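Structure, as structure tokens:
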Amino acid sequence: MGAITHEAATKRRVLKAFKEVAPLDLSISEAGRRARVGNATAATYIKVLVAEGILEESRRIGNARLFRARWKAGEERG
């Protein structure tokens, strides 16, 4: 198998941030902080993960959008 790309590694770090707090939700900035990426990068990968059905938007607080994993804690996914 080939080496993991930088993009795939970043996507995994963003997903891991959500897996670590499931079933709680995270804002884009909190997910970025936990994944050690900028807000724009976190937003990009969150959008991809939502499109793939792995994450969902859970609520809004003011202008902040919060997201959560679409599976329960303890379930293996991704």
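The values are calculated or read from the model by the stated rules, or taken from the named source; none is laboratory data. Here the structure is a predicted model, which means the values were calculated and not measured. A quick note on method: Cβ atoms are made from the backbone with ideal geometry, for glycine too, and the neighbour counts reach across all protein chains shown.
Things to note:
- Scan of region 44-78 for residues that are crowded, with 17+ Cβ neighbours inside 10 Å, modelled with pLDDT of 95 or more, outside any strand (DSSP E or B) and touching a strand residue (DSSP E or B) at 6+ places or on another chain (Cβ under 9 Å), ordered by number: ILE46, LEU49, ILE54
- ALA22 fulfils the conditions (1) modelled with pLDDT under 95; (2) more than 16 Å from PHE67 (Cβ to Cβ) except for a single criterion, (2).
- Which numbered condition GLU30 fails, given (1) of a type in the set (D, E, K, R); (2) outside any helix (DSSP H, G or I); (3) modelled with pLDDT of 95 or more: (2)
- With respect to the conditions (1) part of a helix (DSSP H, G or I); (2) in contact with a strand residue (DSSP E or B) (Cβ under 9 Å, 6 or more places away or on another chain); (3) of a type in the set (D, E, K, R), GLU20 lacks only one, and its number is (2).
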